[in-house]
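All remarks here apply to the structure that follows.
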Amino acid sequence: MKAGPSQEEIRRHNLGTLLRHVHLGGSTSRAVLADRMGLNRSTILGLVSELSSAGLIREELPQDTGRAGRPSLVVRPESDRVYVLAFDVGVDRLAAARIGLGGVFLGRRETPWPRGGFDSGEVADVLAGFARQLMDTARDGTLCVGLGAAVRGLVRRSDGVVRSAAHIGWKEEEFGEDLTRRLGLGLPVSVENEANLGAVAEHLRGAGTGCQDLLYLHGDIGIGGGIIAGGQLLGGDGGYGGEIGHMVVNPRGGRPCGCGARGCLESEAGERALLQAARRDPSATGRDAVRAVVEAADRGDISARAALHDVGDWLGIAVGGLVNILNPRTVIFGGTLREVFLGSAAQIRSRINSHALGAAREHLRLRVGELGDDAVLVGAAELAFSEILVGPLETLARTGA
Amino acid sequence: MTATPILRLRGIEKSFGPVQVLHDVAFDVHPGEVTALVGDNGAGKSTLVKCIGGIHPFDGGEYWFEGERVQVHSPRDAAAMGVEIVYQDLALCDNLDIVQNMFLGREKRRGLVLDDATMEEMAARTLEGLSVRTVKSIRQQVSSLSGGQRQTVAIAKAVLWNSKVVVLDEPTAALGVAQTAQVLELVRRLADNGLAVVLISHNMNDVFAVSDRIAALYLGRMAAQVKASDVTHSQIVELITSGRSGDLGLVHTNGATP
């Protein structure tokens, strides 16, 4: 039997925790860190000097405090020096970003991509090209410490294989491995579902900061879902959990869904359902088309209003059911669902209030995503940072710093 | 969500000459929450707000603020307590820039001259605290701003003075969808930062999107004040149009009691 954690393990844990505080909280004084971590000042001093000699953080004078007296030093992440690459395989765009420790965007590349079939190899090629361009802009002495990618599909947690991604026509694609090989950085690419990453991003840096139980719904071509329960992303057995868009809400009269079922939330309340119900030109798709429906409803267009009414109903029914099961504190509407929520909030709230149990909904907050279109990239970056935040010095040693 | 209201009105009566406008109105506003004030045209929303802001004196009733009974005789009294009202017309001066507007009538001085540096810094800090990123320069003239940006400046002006209660009269009425979204996010952020916000709106989607409580006025009386997690859209519409919905709302004044 193993005794308690060794001193070495405790120190490693503390280094990771301190780095996480600075990464998420930005400039923080040592006194505040000591307070938040429940450690004494000399321990904090030791941890800070170890991390700063490793080049992960630095101490400096704060910007004008406006108070008299000698200001105390603050600990800052070395955002310019330590970074990750985040990739987003959207349904109509590919994006990559270089994001520094602390969550600072240092550079980004983006290209539109036709909807429909995506060849996995071609996508990996484009993204690897973006990665090289982004890394060329980095100064000497900077260091890439992780790679994360978001895909609109089901991703196996154990090896990152994309099992299926209906909107881009992928099945059993070893995308993570492929991208890892093409990048050739000696670092593996972690792959995760896009809405799961959106949930993580809003939880750590957006509308769900400080909230341990939240639901995130992400609208683009479909509806993705991510669930944070007790502060942790809910992945389920294989990592496929949280597919709120494929919760069946209307099995009898519902529309067929791309997944093969009938009446999924995505087929009833997704982009296509909204645009069809609002009698929009079928060639117009995407965020602008959804926004046009909400604008038309605001001006009084009756088919747009009816469409938002219906979509709001289905969203409220789905969220109401989930509130009974998961009792979240916050439900966040991201992607195009941000506009849809603002245009049908009365319907969504009413359905939740009549379907969810009183105690489960009493403190429920409905919010729109704060990170906007960046949520997925921010989440992918957090995925890429996860290793260095667990064992900072070990990860640095591995990446050859 | 706290249990004790920061602002509490009881038994408010108000008449303009022979016209009775408010009768026995009770109204609670809680810190950290958005309280929506809804009602038909002429239900008394604007009068109630003007009474809260000290423009009209009450004829009768009690005004409690932070647990103490207070007398509010002028907008200056209300502002001194930390109650700010943003009216529909915003009361911004087109020919002045953002900083000048935010400090209009309450300019900071250093000796005999205006202390521009301090005012600029305070304005910038306030806008930053509200995560306002839509305004390019705070030295921009207000005439060059969009409707949403003007609303933002008017709201920032209201929170600049460490105010505790901010009342917004139809802040999204004249705005398009994208700007409405910005203003609603700002409204929500104010409350999440701990302020008590009162939002007057006719748009039920706006009301349900951001508010924690909904107060419905009907013909000068408070029909009901309910939590947004306890009512449906149709109940609120009923309260607005008939003062009553199921168990909620006013007991009819024909002598019947429930």
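A compact table of results
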read-out: Alpha carbon convex hull of segment A:209-370, projected area averaged over orientations, nm²; value: 9.6 nm²
read-out: Degrees, to the nearest 10: B:116-129 long Cα axis against longest axis of chain B; value: 50 degrees
read-out: Relative contact order (%) - criterion: Cα under 8 Å, at least six apart; region: chain A; value: 16 percent
read-out: Acute angle (nearest 10 degrees) that the helix A:287-299 long axis makes with the longest principal axis of chain A, alpha-carbon atoms; value: 60 degrees
read-out: Beta bridges per DSSP with both ends in the protein assembly as shown, % antiparallel, nearest 5; value: 60 percent
read-out: Helix A:7-25 vs. chain A, principal-axis angle (Cα, 0 to 90°, nearest 10); value: 60 degrees
read-out: Packing rank of B:105-116, B:31-42, where each peptide gets the mean count of other beta carbons within 10 Å, highest leading; value: B:31-42, B:105-116
read-out: Tail fraction, Cα-Cα pairs, segment B:107-218, threshold 23 Å, whole percent; value: 32 percent
read-out: Nearest-20 debye value, chain B charge dipole, Cβ charges on Lys, Arg, Asp, Glu; value: 300 debye
read-out: Dipole magnitude of chain A about its Cα centre (Cβ charges: Lys, Arg +1; Asp, Glu -1), debye to nearest 20; value: 820 debye
read-out: Percentage, to the nearest whole number, of Cα pairs in segment A:7-77 over 16 Å apart; value: 44 percent
read-out: Local electrostatic count at A:Ile317 - Lys and Arg +1, Asp and Glu -1, tallied over other residues with Cβ under 10 Å; value: -1
read-out: Set of lysines with alpha-carbon distance to B:Lys227 below 29 Å, sequence-local pairs under 8 removed; value: B:Lys14, B:Lys45, B:Lys50, B:Lys157, B:Lys164
read-out: Value at 222 nm in deg cm²/dmol, rounded to 500, when DSSP H runs of n ≥ 4 in chain B each add -39,500 (n - 2.57); value: -9000 deg cm²/dmol
read-out: In order through segment B:152-160: 3J(HN,Hα) via Karplus (6.51 cos²θ - 1.76 cosθ + 1.60), integer Hz, x for Gly, Pro; value: 4, 5, 5, 5, 4, 4, 6, 8, 4
read-out: Residue-averaged beta-carbon neighbours from other chains (10 angstrom radius) around B:202-211; value: 6
read-out: Segment A:209-370: antiparallel DSSP beta bridges as a percent of all, rounded to 5; value: 50 percent
read-out: Solvent accessible area, Å² - B:Met81, 1.4 Å probe, full protein context; value: 40 Å²
read-out: Student exercise, segment A:7-77 dipole from Lys, Arg, Asp, Glu Cβ charges, in Debye to nearest 20; value: 120 debye
read-out: Longest to shortest principal axis, alpha-carbon extents of segment A:259-325, angstrom; value: 37, 26, 17
read-out: Total accessible area lost when A and B pair, probe 1.4 Å, Å² to nearest 100; value: 1800 Å²
read-out: Rel. contact order, % - alpha carbon contacts under 8 angstrom, at least six apart, segment A:209-370; value: 24 percent
read-out: Heavy-atom accessible surface of the protein assembly as shown: percent carbon and sulfur, 1.4 Å; value: 49 percent
read-out: Helix-derived mean residue ellipticity, 222 nm - over chain A, DSSP H n ≥ 4, -39500 (n - 2.57), to 500; value: -13500 deg cm²/dmol
read-out: Cα point-scatterer Debye curve for chain B, base-10 log of I(q)/I(0) at q = 0.10, 0.13, 0.17 Å⁻¹; value: -0.50, -0.83, -1.34
read-out: Segment B:161-166 - phi-based ³J(HN,Hα) in whole Hz, Karplus 6.51/-1.76/1.60, Gly and Pro as x; value: 9, 6, 5, 10, 10, 10
read-out: Built amide H within the under 5 Å cut-off of B:Ala36, gap 5+; value: B:Leu199, B:Asp212, B:Arg213, B:Ile214, B:Ala215
read-out: B:Ile55 long-range amide H proximity, modeled H, under 5 Å; value: none
read-out: Surface accessible to a 1.4 Å probe, B:Ser15 within the full protein complex, Å²; value: 40 Å²
read-out: Sequence ranges B:212-225, A:45-58, ranked by mean other-Cβ count within 10 angstrom, highest first; value: B:212-225, A:45-58
read-out: Other protein chain Cβ atoms within 10 Å, averaged over every residue that makes up A:347-359; value: 4
read-out: For the protein assembly as shown, Kirkwood radius (reciprocal of mean inverse C-alpha pair distance, Å); value: 27.1 Å
read-out: Whole-Hz ³J(HN,Hα) from phi, Karplus 6.51 cos²θ - 1.76 cosθ + 1.60, for segment B:184-192, glycine and proline x; value: 5, 5, 5, 4, 5, 5, 4, 5, 5
read-out: Accessible surface, segment B:42-181, averaged per residue in Å² (probe 1.4 Å); value: 49 Å²
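The values are calculated or read from the model by the stated rules, or taken from the named source; none is laboratory data. Please read these numbers as outputs of a predicted model, since none were measured by experiment. Don't worry about glycine lacking a Cβ; one is built from the backbone with ideal geometry, like all the others, and counts go over all protein chains shown. The protein model used for the area step is the full one, side chains on, heavy atoms only, and it has no ligands, DNA or RNA in it. Shrake-Rupley method; radii C 1.70, N 1.55, O 1.52, S 1.80 Å.
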